[in-house]
Amino acid sequence: MTLTSKTAVVTGSTSGIGLAIARALAKEGANIVLNGLGDEAEIEKTRAGIESEFGVKAVYSPANMLKADEIEEMVRLGERTFGSVDILVNNAGIQFVSPVEDFPVEKWDQIIAINLTSAFHAIRAAVPGMKARGWGRIINTASAHSLVASPFKSAYVAAKHGIAGLTKTVALEVATQGITVNCISPGYVWTPLVERQIPDTMKARGLTKEQVINDVLLEAQPTKQFVTVDQVAGLAVFLCSDAASQMSGANLSMDGGWTAK
Ligand code: NAD
């Protein structure tokens with residue numbers, strides 16, 4: 001157990017990558033602030049499951065990543081409940097696929113707010129406590145789309161390039177204070193977020209489901225395999241370890257070779 005007595009806030013941890021990261025950090029002994037949307041009973045089952053499986057404490061924050069005050073309260077909940085927020089994983093995210101001229105303005109605004117601005121609000125709330133304790137780990141779930149683009153994902157690619165820049169900037173600001181800031185850039189990971197974009201990609205490109213999976217998604221990845229949520233979570237755990245204390249401001253690809261092309 002390397003993270004005993006640490007507390008991790010993981011945004012968007014009711015599903016997919018965030019849930020895998022929350023569980024992996026709990027397995028290392030961290031107390032967890034779960035966050036995300038979803039069915040109340042399901043979320044409670046997830047929360048209680050983390051406590052019983054890993055012998056840690058977990059609380060749920062219903063903070064909506066569209067709302068600055070709720071994001072700040074999520075961090076305060078962690079500090080009030082456990083005494084500190086030592087690890088912040090900015091992971092919540094949504095996707096929308098459309099040609100730029102038809103891109104709904106409210107979808108653009110939501111993607112920028114959830115995938116980028118929410119990380120700014122959580123970071124500004126959590127950094128003072130990390131500085132006071134001289135230790136912190138901030139991990140942002142970026143994407144291969146923080147490094148390269150794909151058509152019809154203008155808002156997502158803009159937000160992910162933005163979070164890569166935010167990662168580097170904050171890393172420099174806190175570099176001497178025992179706090180590291182990195183982003184993980186997965187390629188395609190089989191989660192509800194990827195499943196949900198298949199119908200719109202079929203429409204935007206005039207393809208069947210199989211063609212989208214093989215010719216669009218896996219076409220990008222030289223390994224021709226999806227990344228797993230547990231592989232992403234493993235990297236997050238490593239970033240919290242002492243071995244990673246000199247890694248900061250990095251954009252770490254886990255994309256089956258996608259961005260090597
Ligand atoms: P997911 O849909 O399984 O999970 C997204 C999480 O974000 C859920 O818990 C959801 O409730 C939460 N969320 C969405 N809107 C929210 C809001 N307004 N307030 C609070 N929580 C909200 O998707 P995922 O694939 O696990 O995505 C997680 C992160 O990984 C995202 O930032 C995504 O961009 C990134 N990512 C995913 C892939 C992939 O292929 N799946 C690849 C690269 C990066």
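The values are calculated or read from the model by the stated rules, or taken from the named source; none is laboratory data. Predicted model, so just to flag it, every value in this text is computed and none were measured. So basically every Cβ, Gly included, is an ideal-geometry build from the backbone, and we count neighbours across all protein chains shown. These accessible areas exclude ligands, DNA and RNA; they are computed on the full protein's heavy atoms, side chains included. Shrake-Rupley method; radii C 1.70, N 1.55, O 1.52, S 1.80 Å.
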### Query
Given (1) part of a loop (DSSP other than H, G, I, E, B); (2) open to solvent by less than 10 Å² (accessible area, probe 1.4 Å), where does Gly249 come up short, assuming only one miss?
(2)
### Task
From Pro192, Pro186, grab the single residue that is within 9 Å of the ligand (Cβ to nearest atom) and either crowded, with 20+ Cβ neighbours inside 10 Å or modelled with pLDDT of 95 or more (or both).
Pro186
### Query
Gln231: of a type in the set (S, T, N, Q), assigned to a helix (DSSP H, G or I) and closer than 26 Å to Ser98 by Cα, yes or no?
no
#### Entry: Thr14 at negative phi and in a loop (DSSP other than H, G, I, E, B)
yes
### Summary
Note on segment 179-191: residues in a loop (DSSP other than H, G, I, E, B) and touching a strand residue (DSSP E or B) at 6+ places or on another chain (Cβ under 7 Å) are Gly187, Tyr188
### Message
I'd like the full set of residues that are closer than 15 Å to Ala58 by Cβ and of a type in the set (Val, Ile, Thr), limited to segment 68-83.
### Response
Thr81
### Task
Filter segment 86-109 for residues that are under 18 Å from Gly12 (Cβ atoms) and assigned to a loop (DSSP other than H, G, I, E, B) and give the result.
Asn91, Ala92, Gly93, Ile94, Gln95, Phe96
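The rows are residues; the columns are (1) modelled with pLDDT of 95 or more; (2) assigned to a loop (DSSP other than H, G, I, E, B).
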site	(1), (2)
Thr2	no, yes
Ser5	no, yes
Ala20	yes, no
Leu25	yes, no
Val56	yes, yes
Tyr60	yes, no
#### Entry: Scan of segment 75-128 for residues that are crowded, with 20+ Cβ neighbours inside 10 Å, more than 13 Å from the ligand (Cβ to nearest atom) and touching a residue at least 60 places away in the same chain (Cβ under 8 Å), ordered by number
Val75, Gly78, Phe82, Val85, Asp86, Ile87, Leu88, Ala126
### Query
In segment 129-139, is there at least one residue being buried (at least 17 other Cβ atoms within 10 Å of the Cβ), within 15 Å of the ligand (Cβ to nearest atom), in the same structural domain as Ala63 (by TED's automatic domain parsing) and not in a helix (DSSP H, G or I)?
yes
### Query
Does segment 40-61 hold any residues that are within 13 Å of the ligand (Cβ to nearest atom) and open to solvent by 90 Å² or more (accessible area, probe 1.4 Å), and which are they?
Glu40, Glu42
## Note on the structure
Of (1) buried (at least 21 other Cβ atoms within 10 Å of the Cβ); (2) in contact with a Gly (Cβ under 9 Å, 6 or more places away or on another chain); (3) closer than 22 Å to Thr2 by Cα, Ala22 fails just (2)
### Query
What number goes with the only condition from (1) over 30 Å from Ile87 (Cβ atoms); (2) in contact (Cβ under 8 Å) with a residue 60 or more places away in the chain that Ile184 does not pass?
(1)
#### Entry: Lone qualifier among Val157, Val148 - being open to solvent by 10 Å² or more (accessible area, probe 1.4 Å), over 16 Å from the mean Cα position of the chain (by Cα) and within 16 Å of the ligand (Cβ to nearest atom)
Val148
